[in-house]
Amino acid sequence: MIQPEKIIIADDHPLFRQALLDTLKVQLTDTSWVEAQTIEELELQLTQNTDADLLLLDLNIPGAHGFNTLIHVRNHFPQIPIVVVSAHEDQDTISKAMEYGAAGFVPKSTPVATIFAAIQHVLAGDTWVPEYFQIQQDDSEYSDIAERVASLTQQQYKILMMFAQGMLNKQIAYDLHVSEATIKAHATAIFRKLNVRNRTQAVIAIGQLDISESSFSDE
């Protein structure tokens, strides 16, 4: 059995997170756990814990905007394998998560014993998906926007997510402790990389990487 030194778990549901931790800690007795409930906390924990052995990522963590965070983390922290733990269990969501760089995909309905087995597979360098999953054909349109999102710097990505929240340049500048001119310069670079003309088009573009609500399974 592999005993990782450090695992980051990003999930905003306290009951699920605690239940998962309580069970996994029995098996992974030497592992230290780092928790994040929002995209901002996750960014901070990733920066401070670049030596983490694994990230357990809920695609619906506040501010994540579907697959965008998965793509961003894979690009900026490629040394940390990611297991997506999600309430979405459909073929399309699993397929895109694996395409965008996840090392494993575990539906939240999965028994904890199986989640532990999935983690062990990924830590051993393998991938893990549910038995019912069938590989689908690549969608070039989604791959293109995913590559463009991956090309953003960490600061550009943070600003893009703030655009998606509807924040004004003035608000973003205040939160990031920079000038509005700096935000405008970043915005220009973001638009160029995403091949769009304005923030509305940018938000629409990354919206392609959201998770379809029609694919949401009842919890």
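Each peptide in 159-172, 51-64, 192-205 receives the mean, over its residues, of other Cβ atoms within 10 Å, and ordering these scores from highest gives 51-64, 159-172, 192-205. The relative contact order of the chain comes to 19 percent, based on Cα pairs under 8 Å that sit 6 or more residues apart. Residue separation of Gln79 and His13 scaled by 0.36 nm, minus their Cα-Cα distance, works out to 21.1 nm of gained length.
What is the gain in length, in nm to one decimal, between Ile204 and Gln27 on full extension, counting 0.36 nm per residue of separation less the C-alpha to C-alpha distance? Mind showing how you got there, number by number?
Numbers: separation 177, 0.36 × 177 = 63.72 nm, distance 4.30 nm.
So the extension gain works out to 59.4 nm.
Which entry in [x] 16.9; [y] 12.0; [z] 12.9 is this structure's computed mean projected area of the Cα convex hull in nm²? Looking at mean projected area of the Cα convex hull in nm² for this model, the match is [y].
Between Glu147 and Gln91, take the C-beta separation as r, use R0 = 22 Å, and let me know the FRET efficiency to the nearest 0.05. Let's see the in-between values first.
Details: r = 23 Å, r/R0 = 1.02.
The computed FRET efficiency comes out at 0.45.
In straight-distance terms, cross-link reach from Lys184 covers every one of the lysines whose alpha-carbon lies under 23 Å from its own, apart from those fewer than eight places away in the same chain; here that gives Lys158, Lys170, Lys193. The distance between label points at Gln154 and His177 comes to 1.5 nm (points 7 Å beyond Cα on the Cα→Cβ vector). Suppose R0 equals 41 Å; then what is the FRET efficiency for Thr127 and Arg197 from their Cβ-Cβ distance, rounded to the nearest 0.05? With a Förster radius of 41 Å, E is 0.60.
Could you work out how much longer the chain between Ala185 and Thr38 gets when fully extended? Use 0.36 nm per residue separation minus the Cα distance between them, nm to one decimal.
Length gained, Ala185 through Thr38: 50.3 nm.
Between Gln120 and Thr50, the modelled label-to-label distance comes to 3.2 nm, taking each label 7 Å out from Cα in the direction of the beta carbon. Remark: segment 1-99 carries 39 Å² of accessible area per residue (probe radius 1.4 Å; ligands, DNA and RNA excluded). If you roll a 1.4 Å probe over the chain with all protein chains in place, what percent of the accessible area is carbon or sulfur? Carbon with sulfur: 50 percent of the solvent-accessible area.
In Å², what does the accessible area per residue of segment 141-210 work out to with a 1.4 Å probe? Mind showing how you got there, number by number?
On the way: 3790 Å² over 70 residues.
I get 54 Å² per residue for segment 141-210.
The values are calculated or read from the model by the stated rules, or taken from the named source; none is laboratory data. Here the structure is a predicted model, which means the values were calculated and not measured. Because the Cβ atoms are built from the backbone with ideal geometry, glycine has one as well, and the counts that use them run over all protein chains shown. In case anyone asks, the SASA skips ligands and DNA or RNA and just uses the protein heavy atoms, side chains included. Shrake-Rupley method; radii C 1.70, N 1.55, O 1.52, S 1.80 Å.
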